[in-house]
Amino acid sequence: MKAERTPAASGPRVQGFAGRGFRVDGITCEAVLLTPEAAQAWAAPALEALGAADLAPLLACRPAPEFILLGTGPALRRPPAALVAALEAQGIGVEAMDSRAAARTWGLLRGEGRWIAAALMPL
């Protein structure tokens, strides 16, 4: 019996960590926004100040993502309640975790072909 591997979903891949940031498709940036189709460097605000407008490129994704992985930096921190409420009002959930875990989870879920987005704050 020959084992066949399902091809990975297309889109950006987090290849590793570099200093306080991430290496995504050969480019290093401290903070990054990821959609199934693109990655872009991000000037992440302080977590306490994070609002839906800061995630606009993720919200413009069509179809809308199932949920947003929110990497909160070197440690898991609770995102602002107003942000979570604003996203949930649009039918988009938020899964917060430390940024390294969020980057790993991104790869796993995108490998399954899940239509998600991610906002990864500096490490």
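The values are calculated or read from the model by the stated rules, or taken from the named source; none is laboratory data. For clarity, every value in this text was computed on a predicted model and none was experimentally measured. Positions of Cβ are generated from backbone atoms using ideal geometry, with glycine treated the same way; all protein chains shown enter the neighbour counts.
Descriptive notes on the structure:
- Single condition Gly19 does not satisfy, out of (1) in contact with a strand residue (DSSP E or B) (Cβ under 8 Å, 6 or more places away or on another chain); (2) of a type in the set (Gly, Ala, Ser); (3) surrounded by 17 or more Cβ atoms within 10 Å (Cβ to Cβ); (4) touching a residue at least 40 places away in the same chain (Cβ under 8 Å): (3)
- When residues of segment 73-123 are limited to those that are of a type outside the set (A, V, I, L, M, F, W, C) and under 15 Å from Ala46 (Cβ atoms), the one surrounded by the most Cβ atoms within 10 Å (Cβ to Cβ): Ser99
- Test: residue in segment 101-118 that is among the β-branched types (Val, Ile, Thr) and farther than 22 Å from Phe17 by Cα: no
- Pair list, Cβ under 9 Å, 6 or more apart: segment 26-49 residue under 10 Å from Ala119 (Cβ atoms), other residue surrounded by fewer than 20 Cβ atoms within 10 Å (Cβ to Cβ) and of a type in the set (D, E, K, R): Ala31/Arg20; Trp42/Glu30; Trp42/Asp54; Ala44/Glu30; Ala44/Asp54
- Any chance Leu70 is surrounded by 14 or more Cβ atoms within 10 Å (Cβ to Cβ) and not polar (S, T, N, Q): yes
- Filter result for Ala53 (free of Cβ contacts under 8 Å to residues at least 40 places away in the same chain, surrounded by fewer than 14 Cβ atoms within 10 Å (Cβ to Cβ) and among the aliphatic types (A, V, I, L, M)): yes
- Selected residue (criterion: surrounded by the fewest Cβ atoms within 10 Å (Cβ to Cβ)) from residues of segment 5-16 that are in contact (Cβ under 8 Å) with a residue 24 or more places away in the chain and in a loop (DSSP other than H, G, I, E, B): Ser10
- Scoring Pro12 on the criteria (1) modelled with pLDDT under 95; (2) within 16 Å of Gly111 (Cα to Cα); (3) not aliphatic (A, V, I, L, M) leaves a single failure, condition (1).
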